[in-house]
Every structure is written in structure tokens, then in C-alpha cells.
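Comments concern the structure below.
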Amino acid sequence: MRPVLKPALSRAWRDSETLQFGTVHRDARVVEQAGPAFCSFLGLLDGGRERPELLDAGERLGLGRETTGELLDSLEKAGLLDDEAATREALARYPQPHRDLLGPDLASLSLVHPEPGAAPAVLSARAAARVEVRGAGRVGTAVAAVLAAGGVGAVTVVDGGRVTPGDCSPAGLPPTEVGRLRATAARTAVQRATGRGPAAPQRRAPAGAHAAPPSLVVLAPRDGSGAFAGGAVGARRLMRAGVPHLYVGVLEHLGVVGPLVLPGASACGGCLALTRSDEDAAWPRLLAQLADDGPGRPRTPACDSALATAVAGLAALHVQLYLDGTRPPSMDGWCEVSAVDGLARRLRLTGHPDCGCLWQPAALR
Ligand SMILES: [Zn+2]
């Protein structure tokens, strides 16, 4: 390990000998009696030295070998140190210019996962993850681009047809893509997010190359009612295959993120659909009339650009949390963001008794 003082942390003096690391009060760390020798020693924590070299250096600065060791331990315990060797190894998984673009993302991870080497390990796991986004509308393409930018190693977008003006958004497909194949335009957006040029023609993957299921599927139908309703057709197959998936979309003035479904372990889209039917018995009949090209569909579906961007960002954040090993609030629940008041709310979703997705064989109870 090559200890480095986390580049994400600010350093400011509270008074002449009290040094504060970090700005957000709740998480800030304070070092008292920070004298000149201590400050000189901090300057050596740049990731260029291993612990034995640092102990020698501390001795030369007059701190004493034992005190230097205790100092390193307490800085580590306070979450102020990272491992430069692990950081370099994680970033080496990405080609330039993506590697440089990831600096602030890794800096953020180092605050969320405080142990030395933990943030690089989380980033490495993201690099190995594969996420499939279904739907290249205002929300779907933005989710895909943000996930790719954040370091998810493989992000694919699945959709048919050609880009319409209604699919475009500042975080997803630019208006210059109108008329292009949605799948190609979305791939270009994903590549642009990682600093690469326009999409090269897609190489046909060798048979079986993607035989392994994706780490997670984002269900972001261009028609937001598909996400709002829950039990989408494709979701049943994902349930059977045990593939985690997240619903996201905008319907009228409401943006929805969730549920994020771990098949068999958290409430699913079917549970959501049944819950909506409990609240409104006519809901399934209404929904059937909204299906593709139904007569009742709005001529111009509402989708506020800011709302779509907020929802896409929230969805990408929840996917990252899940991939990083944290339980996002869209599990056993969903989040709604409203264009009426700008508020975000979290609603609880419990497994519906008629769904059966959380039933377990008696032997496993
Ligand atoms: Zn269910």
C-alpha cells in the first residue's frame, strides 16, 4: 500500500493549530495540535512512498518512529487515506480520455467508501459490470450515458426505430440525431460520455460472447406508462432468469424510479401492478387501452426535460449504488419526482400476496 491523503478532501485551519479535513460538517475530521513537522509529513502522503519509507521520513522530521506509525494509523482510521497503488490499478482498466474523466467520480467514491483501497475496488467492480438499458428515449439514453461516464464497463442500449424529436434531451440524444437509427444514436451517446468519438460500426459479437446475463437491466420504455405500470412483458423473462432490473420513466408530470427488483428477494414490478390495481380496480382496463397505438394515447406525451434529466440521474445513481454493494431506496419501494412541486418522495412497496415472486419452497423457509 502507498498511502495518499485523499485528494477529495479540502484542508482548512479552524484556528492556528487545528486543521480540518473536509467541508461537509457532519463528515469533517479535525486534527488538533497540527504543528509544522506534522504538516511537512502530510506533504509526503502523496502516494509515492510505502509505509516503511514514511516511518523513516517521520523520524527525520523529528516526529519519532512510533508516533509516525500511530499518526498513519489514526489518519487511516479517520478515513483520510487511500491506496495510490490500488487507485492506479483501477484507473488502468479504462482507456484515455475516460481515465482522466473519472477523477472526480473516484474522488467521490473515496468519501463514500472510506477504507484505503475500498473506492478503487468499487470502481474495478463497476468496470467489470454490464448494464443493458431498454429504451432510447429521453430517459433511457441519459441513464446509459451517465452510467458509462461513471465507469460501468459495458453499457448497451436496446431499442428499435429511428430517433424522433421527442426522444432528444441534453443528457441523451442531441437533436442532430433525429432520423438516425435509435440503437446507433444511443451507442454514439454512450461513447461520447466516455470521451470516445462517434460510434464505429458495431462489430458482430462472436456467438456466445454475451451469453452471461447482464449485471442489471434498466427498463426505460419511451412510453413512460410502461415503467409506471410495473409488470412489463420483458420483466417476466428477467424474473425467471434471475436478472436484477430497475424501472424508470416519466408519465405525465411524474417521474418514477423503481422498483429495483432482485428477483425472489425484493418486491417486483408485478407486485407494483397488483398494488395499483388494489388502489383502482379499473387500472388494468385503463392500462390495456394505453398499450401500443391504443386509441386513448396522448398525441404529445408529456415529458419535461428537467424532470427526465433528474429521473435519469437518480436512476443511474441507484444502479451505481446497487453495483457498488449498497441497497438503493428503490428496492422494496420506488421514488417519484413531481414536475408540479419539484419534490422527490420515496414510497414503500411490499411483496403482493397474489404475485408470488417472494414465495419460497417450504424447505428454504
Ligand atoms: Zn412480485
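Only the coordinates and a few stated rules stand behind these numbers; no lab work does. Model, not experiment: these values are computed from the prediction. When we count neighbours, we look across all protein chains shown, and the Cβ atoms used for this are built from the backbone with ideal geometry, even at glycine.
What distance in nm lies between label points placed 7 Å from Cα along the C-beta direction at Asp304 and Met1?
Spacing of the two 7 Å Cα→Cβ label points: 4.7 nm.
What does the charge count near Gly79 come to, summing +1 for each Lys or Arg and -1 for each Asp or Glu among other residues with Cβ under 12 Å from its Cβ?
Residues close to Gly79 contribute a combined charge of -1.
I want the local charge near Arg348. Using Cβ-Cβ distances under 15 Å, sum +1 for each Lys or Arg and -1 for each Asp or Glu among the other residues. Walk me through the numbers on the way to the answer.
Numbers: positive: Arg276, Arg327, Arg345, Arg346; negative: Asp278, Glu279, Asp332, Glu336.
Within the 15 Å Cβ shell, the charges total 0.
Is it possible to state the helix-based mean residue ellipticity at 222 nm for the chain, with each DSSP H run of 4+ residues giving -39500 (n - 2.57), the sum divided by total residues, to the nearest 500 deg cm²/dmol? What is it?
Details: 14 runs with 138 residues, N = 365.
So the helix-based figure for the chain works out to -11000 deg cm²/dmol.
If you average the alpha carbon positions of the range 11-38 and of the range 248-284, how far apart do those two centres end up, in angstrom?
Using only Cα atoms, the two centres lie 47 Å from each other.
Any idea how far apart Ala128 and Val178 come out in nm if each label point goes 7 Å out from Cα toward Cβ?
Distance between the two pseudo-spin positions: 4.5 nm.
Grab the Cα-Cα distance for Ala12 and Arg346, subtract it from 0.36 nm times how many residues apart they are, and report the gain in nm with one decimal.
Numbers: separation 334, 0.36 × 334 = 120.24 nm, distance 3.64 nm.
Contour length minus the Cα-Cα distance gives 116.6 nm.
Looking at the chain from every direction and averaging, what is the projected area of its Cα convex hull in nm²? Kindly include the intermediate steps, with their values, before the conclusion.
Working: hull surface 94.2 nm².
Mean orientational projected area (the chain, Cα hull): 23.5 nm².
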